[in-house]
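For reference, the structure is listed below as structure tokens.
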Amino acid sequence: MNNTFQKTSLLEMKNITKNFPGVKALDNVTLRLEKGEVLALLGENGAGKSTLMKILGGAHSVDSGAIYIDNKLIKFDSPSQACDVGISIIYQEFNLIPDLTIRDNIFLGKEKTRKGFIDYNFEKRKARTLFGKIGLKIDTEVLCSSLTVAEQQMVEIAKALSIKAKIIVMDEPSATLSNNEVLKLFSIIRDLKRQDISVIYISHRLDEIFEVADRVMVLRDGVNVGEEDPKCIDRGVLIEKMVGRTIKSEFPKNTVIPGKERLRVENISDGANVHNISFNLHEREIIGFAGLVGAGRTDLMHLIFGIGKPTSGCIFLNGIETKINNPRDAIRNQISLLTEDRKKHGLVLNHSCIENFGLPNLKKYIRFPFLDKRKERDAFENYVSDLKIKITDHESMVSNLSGGNQQKVVLAKWLESNSDIIIFDEPTRGIDVGAKYEIYLLINQLANKGKSIIIVSSELPELIGLCNRIIVMHEGYIKGEVNDMTTITQEEILKIAFS
């Protein structure tokens, strides 16, 4: 694709270079964006996408290079200056104050006053107009804490429109949305295009890129490795550009024959979100749980792991009925859970990588009354090597890692616990395709070693590609089971869910 800038470009970021201590985050990167265009910005975790957008948003300065908007050289030293020229960034973790109303959040810092008092009536009318532009009717006086994730995202978009944004950056906007909510998001993006508003769309879900993007730009190791028309590029070629190597199969298939039954769940319910669920799991088997957001899959996994108590039903481990009253019981019975929200439930973000690794495994490293730090360090180093965890040292704060590397730290701590049953709840959410592939390989290796694996995922291709069989849930009930992975389609799984 021709990278020569056109005079009509709304945004031009030319030859952007940014260095951090010991790391060249961006190396002579050039980006252009036209009015009313959706540009997909792709790359693995650590490729430089976030750094480039933080420069555009005024959070980072450049070491060299220049930014032009409407052919005018722009220099800003703060996010507020970026807002002033029409740039709005919607981060994956929303920038909303939960205990304020929708209207308060939209006008925070730019309140409309009249004779020294906030003009609430004006703000209410303006807020309704903003939501009208994205086709949404909502009570702007409710607290943001009461909103769904999708509704919070709409508030962020309304905030962007309130500053008359010309450019809206969306960072992993669909990571926690249902299929219907994603379709609504795409509809809003198309409406933004019709208003000549440009969107930079960052996502690891490649299916979305082909659906919504006009053009694709790929970063790898801080370098722009190409721009493509999504209508003219093969998915496999796009993945190769991102990871810099050939991946023969996006989903390496597990071919090991399952062994004896390891887990059996009989008629388990929680009185709210899980109703009379029964299934079993064997050695060396990978089973998937499919269903829409709210289907009860995570609630079921929590019951198995001892988070919450069932109102009825039984759990059998190796044929013996077992009471699991709390996560400690689950861990003692060789069950581990990699939660869907690794930052909230899987990690202690203000602790180091090695501290997070050691927390569920302290008994292994205690040489009473002291902690054998050398033994802990040696064990962690093995996983750093085997899982290819990218850290500067063991004492690095886990909050500073990319999403993929954070997930690997969570995986390492549970692998060290030597669990027989490993539950992965949304294991690749927010993770790039290269890191996804490595996690898929690890899941297969675990199955090959005799582990029993459960995968809860909203990505149906992931379940179809990895699992021996798939259990389909809807509104807390099992609606069906798929045993033939060779012919099943995503559409057929959704039909089972609604049957």
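The values are calculated or read from the model by the stated rules, or taken from the named source; none is laboratory data. Keep in mind it's a predicted model, so treat the numbers as computed, not measured. Here the Cβ is made from the backbone with ideal geometry for all residues, glycine too, and neighbour counts use every protein chain on show. The area values use the complete protein model at the heavy-atom level, side chains included, leaving out ligands, DNA and RNA. Shrake-Rupley method; radii C 1.70, N 1.55, O 1.52, S 1.80 Å.
What accessible area per residue, rounded to a whole number of Å², is obtained for region 264-304 using a probe radius of 1.4 Å?
On a per-residue basis, region 264-304 sits at 31 Å².
Report, in debye and to the nearest 20, how large the dipole of the chain comes out about its Cα centre when Lys and Arg carry +1 and Asp and Glu carry -1 on their Cβ.
780
Could you list, in their original order, any pairs among K343/K388; K408/K495; K343/K390; K54/K413 whose Cα atoms are separated by more than 24 Å?
K408/K495; K54/K413
Rounded to the nearest 500 deg cm²/dmol, what is the calculated helix-only ellipticity per residue at 222 nm for the chain, with -39500 (n - 2.57) per DSSP H run of length n ≥ 4?
-9500 deg cm²/dmol
Mean Kyte-Doolittle hydropathy of -0.5 or higher plus an axial Cα length of 18 Å or more: which whole DSSP H helices in the chain meet both?
Qualifying helices: 149-162, 179-194, 403-416, 433-448.
At 1.4 Å probe size, with the rest of the protein present, what percent of the exposed accessible area of the chain is carbon and sulfur atoms?
With neighbouring chains kept in place, the figure for the chain is 49 percent.
Can you compute the FRET efficiency between D221 and A59 using 1/(1 + (r/R0)^6), with r the Cβ-Cβ distance and R0 = 25 Å? Round to the nearest 0.05.
0.70
Across region 352-358, in residue order, what do the Karplus-derived ³J(HN,Hα) couplings come to in whole Hz, using 6.51 cos²θ - 1.76 cosθ + 1.60 with θ = phi - 60° and x for Gly and Pro?
Each residue of region 352-358 in turn: 6, 4, 5, 5, 5, 4, x Hz.
From the backbone phi of region 273-283, what are the Karplus-calculated ³J(HN,Hα) couplings (6.51 cos²θ - 1.76 cosθ + 1.60, θ = phi - 60°) in whole Hz, Gly and Pro given as x?
So the Karplus estimates, Gly and Pro as x, are 10, 10, 10, 6, 8, 9, 6, 9, 9, 10, 4 Hz.
List, in order, the whole-Hz ³J(HN,Hα) value for each residue of region 137-146 obtained from phi through the Karplus relation with A = 6.51, B = -1.76, C = 1.60 and θ = phi - 60°; use x for Gly and Pro.
Couplings: 9, 8, 6, 6, 9, 7, 6, 5, 5, 8 Hz.
When ligands, DNA and RNA are left out and all protein chains stay put, how many square angstrom of accessible area per residue does region 152-247 have with a 1.4 Å probe?
Per residue, region 152-247 has 37 Å² of solvent-accessible surface.
Where in region 281-308 does the amide nitrogen come within less than 16 Å of the point 7 Å from the Cα of A272, taken along Cα to Cβ?
Answer for region 281-308: 294-308.
Where only protein heavy atoms count, and the probe is 1.4 Å, what is the accessible area per residue for region 420-492 in Å²?
32
Keeping to pairs on different chains or 8 or more places apart, tell me how many lysine pairs in region 149-286 have Cα atoms under 22 Å apart.
Pairs that pass both the separation and distance tests number 11.
Amide H of G291: which non-local residues (sequence gap of 5 or more, or other chain) have their own amide H closer than 5 Å, using H built in the peptide plane?
So G291 has HN proximity to M473.
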